[in-house]
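Asker: The structure under discussion is supplied below as structure tokens; questions concerning it will follow.
The values are calculated or read from the model by the stated rules, or taken from the named source; none is laboratory data. Computed from a prediction, not measured in an experiment: that's the story for all the values here. Virtual Cβ from ideal backbone geometry, glycine too; neighbours counted across all protein chains shown.
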Amino acid sequence: MIAEGYEKIEATTKRLEMTDLLVNVLKSTPKEIIDKVVYLTQGRIYPGFVDLEIGVAEKLAVKALARASGRKESEITEDLNKTGDIGKAAQKSMASKRQVTFFQQPLTVRRVYEVLDKMARASGSGTVDLKMALLAGLLADATPKEAKYIMRIVTGNLRLGIADMTVLDALAIAYGGGKENRVYLERAYNVSSDLGKVAKTVAEKGLEGVKKFEVSVGEPIRAMLCERLSRPEEILEKLGGKCVAEYKYDGERIQVHKKGEEVVLFSRRLENISSQYPDAIELVKRCVKAEDAILEAECVAIDPDTNEMKPFQELMHRRRKHGIEKAMEEYPVSLFMFDALYVNGKDLTLKPYPIRRRTLEEAVEVSDRVEIAKCVVTDNVKKLETFFLEAIQDGCEGLVCKSVAANSVYQAGARGWLWIKYKRDYKSEMTDTVDLVVVGAFHGRGRRAGIYGALLLAAYNRDKDVFETVTKCGTGFTDEDLWKLPKMLQKHKIAHKQSRVQSLIKADIWFEPVVVIEILGAEITLSPVHVCGLNVIRKGSGLAIRFPRFTGRYRHDKAAEDATTVEEIIEMYKGQRRKIAE
């Protein structure tokens, strides 16, 4: 039943139809296993913040498939090379299975989940052989269609195109009394980051159960995001005439979870990155006085000789699995705390920012390596501009200006006008970079024959939960970039335009919206072919970035939904036009 539902979902390019099909799958799922079905629909078996993966590479998957089907590995590999899809190779192999399996048992969600769980938890000597045996056992009992989706899940590339918000829509319709009640499910998801837990709660306890969701140490809260403006006058006007302006440090945003002596660090994408920053964990243990806490901080690389801050690119040397001790010596870090979301049993996410800031200051003992983000409270344009210049001089990107009003709550998982970025690069038209999502590619010619000539890039429309094209980019890529891009994007390649991608341009190759890259352009212009902000400025026109250039920065730290938004592009265009008028 699940595999049939997935096949129907995969076949549609219409988001509403996809939601309806998912509603049918969820309604027909027993409530006691609905969390497992939701995880599987996300292409995983745990919430994203759980540091366990099934961990099956394509080579191992091919070996297991050969054992289950009786086909040669070389034949399966040939099919895989043709399609780039291990799922299709599995479906074809199991449809022409050369060996008969006696006592074949129909697969259930519970059995599939339990086997995948064993695979993820396997460790030590013999792990590879155990994983292959477990996977081959599942495949032996699977129908060709089931084999297709099992193989995609274990290799981490389900390709259904179902976003988290689509799952929340479907849950609201199936169990929450209607799509209009999604807001309650979204709040529960934003403070727990666990879609399976939300699903099981609403299925078993209804909407009232969901409304009782609480913040919990160990479950990361989805990050609150900023809007952006380029002038202090606009910022103060938007924030009601007064704001807290904080340094925007050039580091990695982390969420600190402390329970007694146990400390876990999560990235803005909610990945457990504790193993990469053991020194940061020691700093938290030493300087966070609260027994239990969820705090936000910027983790910044520093020069051990001068204690000066280093740029973000230097910090990325810490994102590794091996050689951590050496990296700690070469790239030590400081923590700049900037928000308190939970302290000693109190959920602070619905408290105004001034209260959260005071609580943060009480919970943290400042040291040479742990500080509270430098800030001023101001209602004065000149003071804000002066503080901005101080931040730049001190090695920061700029400021984050925050509302001090009674409604200045922590908008988990949302981008709103309670926080506004004011960065150095906004001082002139389109000298600021934007983070865009790769949704398509075009075949190269001449020197680029056989590789990609350009990428089709999109901004994120949060209101519609879609990605709208804003530019084609073929400049700024090194020869190394050009040769590694096809390999990097291969696992996200799909046969047709993904249902969440809005485009009037027909790409040669389409991708799931996953990979984010940083782009710098000359200006933003009206466009008859790109759909970013379509009809907002002028009827029949969208917005496009002119003369885009890849900066060389792959934003692996950002999910597609964290990319530059359509609203930001529109605001940048309006700000650009105001400067021209002046």
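Asker: Does Arg538 satisfy the condition of being assigned to a strand (DSSP E or B) and either out of contact with any Asp or Glu (no Cβ under 9 Å at 6 or more places or on another chain) or farther than 15 Å from Leu456 by Cβ (or both)?
Answerer: Details: assigned to a strand (DSSP E or B): no; either out of contact with any Asp or Glu (no Cβ under 9 Å at 6 or more places or on another chain) or farther than 15 Å from Leu456 by Cβ (or both): yes.
No.
Asker: Among (1) within 30 Å of Lys383 (Cα to Cα); (2) touching a helix residue (DSSP H, G or I) at 6+ places or on another chain (Cβ under 9 Å); (3) not aromatic (Phe, Trp, Tyr), which single condition is Ser192 missing?
Answerer: (1)
Asker: So, in segment 458-477, exactly how many residues are touching a Phe, Trp or Tyr at 6+ places or on another chain (Cβ under 9 Å), touching a residue at least 60 places away in the same chain (Cβ under 8 Å) and not β-branched (Val, Ile, Thr)?
Answerer: Number satisfying all stated conditions: 10.
Asker: Tell me which residues, restricted to segment 206-245, are without any contact (Cβ under 8 Å) to a residue 12 or more places away in the chain, of a type in the set (D, E, K, R) and either on the phi > 0 side of the Ramachandran plot or outside the structural domain of Ala414 (by TED's automatic domain parsing) (or both).
Answerer: Selection gives Glu208, Lys212.
Asker: Okay, next question. Would you mind stating whether Ala61 is exposed (fewer than 14 other Cβ atoms within 10 Å of the Cβ), assigned by TED's automatic domain parsing to the domain that holds Leu116, more than 30 Å from Gly177 (Cβ to Cβ) and of a type in the set (Gly, Ala, Ser)? Break it down into steps so the answer makes sense when it comes.
Answerer: Working: exposed (fewer than 14 other Cβ atoms within 10 Å of the Cβ): no; assigned by TED's automatic domain parsing to the domain that holds Leu116: yes; more than 30 Å from Gly177 (Cβ to Cβ): yes; of a type in the set (Gly, Ala, Ser): yes.
No, not satisfied.
Asker: Same structure again: Name the residue, out of Lys383, Lys402, that is closer than 15 Å to Leu236 by Cβ, in contact with a strand residue (DSSP E or B) (Cβ under 9 Å, 6 or more places away or on another chain) and surrounded by 22 or more Cβ atoms within 10 Å (Cβ to Cβ).
Answerer: Numbers: Lys383 fails: surrounded by 22 or more Cβ atoms within 10 Å (Cβ to Cβ).
Answer to the check: Lys402.
Asker: Consider only pairs whose beta carbons are under 6 Å apart and that are at least six residues apart or on different chains; among these, list those whose first residue lies in segment 321-337 and is under 30 Å from Ala391 (Cα atoms) and hydroxyl-bearing (Ser, Thr, Tyr) and whose second residue is outside any helix (DSSP H, G or I) and at pLDDT 90 or above.
Answerer: Note: pairs meeting the criteria are Tyr331/Ala301; Ser334/Val300; Ser334/Arg369.
Asker: In addition: Report the residue count in segment 496-508 for those that are in a strand (DSSP E or B) and at pLDDT below 95. Spell out the reasoning first.
Answerer: Pass one, segment 496-508, residues in a strand (DSSP E or B): 501-502.
In the following step, the residues that additionally are at pLDDT below 95 were identified as none.
The total comes to 0.
Asker: Right, here's the next one. What strands (runs of 3 or more DSSP E) lie completely within segment 241-358 and have 2 or more residues being over 20 Å from the mean Cα position of the chain (by Cα) and more than 20 Å from Ala373 (Cα to Cα)?
Answerer: Details: elements: 243-248, 252-259, 262-267, 292-301, 333-343.
Passing ranges, in order: 262-267.
Asker: Taking the condition of being charged (D, E, K, R), at pLDDT below 95 and under 25 Å from Met309 (Cα atoms), how many residues in segment 356-382 meet it? Quick ask: steps written out before the conclusion?
Answerer: So the first thing to find is which residues in segment 356-382 are charged (D, E, K, R), and the list is 356-358, 361-362, 365, 368-369, 371, 374, 379, 382.
After this cut, where a residue has to be at pLDDT below 95 as well, the list is 368-369, 382.
Imposing the further condition that a residue be under 25 Å from Met309 (Cα atoms) reduces the set to 368-369.
Residues flagged as charged (D, E, K, R), at pLDDT below 95 and under 25 Å from Met309 (Cα atoms) within segment 356-382 amount to 2.
Asker: Let me ask something else about it. Quick one: which residue in Asp35, Asp79 is without any contact (Cβ under 8 Å) to a residue 60 or more places away in the chain and part of a helix (DSSP H, G or I)?
Answerer: After applying the criteria, what remains is Asp79.
Asker: Under 21 Å from the mean Cα position of the chain (by Cα), assigned to a strand (DSSP E or B) and modelled with pLDDT under 95: does that describe Lys421?
Answerer: Values: under 21 Å from the mean Cα position of the chain (by Cα): yes; assigned to a strand (DSSP E or B): yes; modelled with pLDDT under 95: yes.
It is true that Lys421 is under 21 Å from the mean Cα position of the chain (by Cα), assigned to a strand (DSSP E or B) and modelled with pLDDT under 95.
Asker: Could you check segment 472-495 and list, in sequence order, the residues that are under 16 Å from His443 (Cα atoms) and not in a helix (DSSP H, G or I)?
Answerer: Within segment 472-495, Lys472, Cys473, Gly474, Thr475, Phe477, Lys493, Ile494, Ala495 qualify.
Asker: Taking Ala458 and the conditions (1) under 22 Å from the mean Cα position of the chain (by Cα); (2) outside any helix (DSSP H, G or I); (3) over 29 Å from Thr525 (Cα atoms), which numbered condition does it fall short on, given that it satisfies the others?
Answerer: Ala458 satisfies every listed condition except (3).
Asker: Okay, moving on. Cβ-Cβ under 9 Å, sequence separation 6+ or interchain: first residue in segment 1-13 and free of Cβ contacts under 8 Å to residues at least 60 places away in the same chain, partner charged (D, E, K, R) and part of a helix (DSSP H, G or I). Which pairs?
Answerer: Correct list of pairs: Lys8/Glu17.
Asker: Now for a different question. Being touching a Ser or Thr at 6+ places or on another chain (Cβ under 9 Å) and modelled with pLDDT under 95 is the requirement here; does Leu341 meet it?
Answerer: Details: touching a Ser or Thr at 6+ places or on another chain (Cβ under 9 Å): yes; modelled with pLDDT under 95: no.
So Leu341 does not fit the description; no.
Asker: Just checking, which of Gly542, Gly533 is surrounded by 17 or more Cβ atoms within 10 Å (Cβ to Cβ), touching a residue at least 24 places away in the same chain (Cβ under 8 Å) and at positive phi?
Answerer: On the way: Gly542 fails: at positive phi.
From the options Gly542, Gly533, the qualifying one is Gly533.
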